[in-house]
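Enquirer: The structure's right below; bear with me while I get my questions together.
Bear in mind these aren't lab numbers, they're just calculated from the coordinates by the rules spelled out. What you see is a predicted model, and the numbers here were worked out from it, not measured in a lab. Positions of Cβ are generated from backbone atoms using ideal geometry, with glycine treated the same way; all protein chains shown enter the neighbour counts.
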Amino acid sequence: RRLGRRLNETSAIELFEPFEKVYAWGGHTHTNSGGKCNWKGRKIDGVKVARATGTPRVNAPMSREGIPNGYMFVDVKGGQMEWYYKTAGKGKDHQMRVYSPAVTGDEYVKAIIWNYTPTYWSNPEWYENGVKIGELERVKEHDLAYEELFAATLNHLKGTSRNYALPVNSEYLFRIKPSADVRKGEVRVKDNFGNTFIQEIEW
């Protein structure tokens, strides 16, 4: 079996050689991610997509990192390819969830961005009255929406099912402290194709 895998890998690399752009897509995992893969000296754009039912064994409406159920939408035009994460039932612009300090309780505005990857996306920015105040810092914490979902509908689980459903630190969370006495603003972030996504928040 190992020999077979090595032969298949060699054959695949040979098939890729004539092509300028090569993309690798994977699925069934329970998180979204992407980045540059170094495969035998060849740089390949790799994208990994979570299974559509989110948290395993539970079929919750989001993954335990807080990513809503959805799928990757790929648009191919000639020699160009673009992709974005499509939340089930939502449009292309629905790329993040933003929490106000009134919700977080720790003076921070927090944002979870579904398909953020540092090699592709810009750093998310915080704007007040149309003026950029600063960039959000990346933090590893539990997503608040999933914590609420778990407490309300999944806390009864036992054993392995509970372990699979427990909240985990998200790779897609960011935070920033808004200016004193400010009660509204917006988070802006740009993907690798130049699309800017904006989410307003007021409290």
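Enquirer: May I have the count of lysine pairs in segment 92-203 with C-alpha atoms under 26 Å apart, counting pairs 8 or more residues apart or located on different chains?
Expert: Within segment 92-203, the lysine pair count is 19.
Enquirer: Given a Förster distance of 30 Å, report the FRET efficiency between E107 and V74 from their Cβ-Cβ distance, rounded to the nearest 0.05.
Expert: The calculated FRET efficiency here is 0.15.
Enquirer: Can you pull the one-decimal nm distance between simple spin-label points at Y127 and D181, each 7 Å off the Cα toward Cβ?
Expert: 2.3
Enquirer: Say each of A145 and M81 gets a label point 7 Å from the Cα, pointing the same way as Cα to Cβ; how far apart are those two points in nm?
Expert: Here the answer is 2.8 nm between the modelled labels.
Enquirer: Using a simple spin-label model with points 7 Å from Cα along the Cα→Cβ vector, what separation in nm is obtained for E137 and W203?
Expert: Output for this residue pair reads 1.7 nm.
Enquirer: Next question. Quote to one decimal, in nm, the extra length available between N163 and L15 on full extension: 0.36 nm per residue of separation minus the C-alpha distance between them.
Expert: Full-extension gain reported as 49.1 nm.
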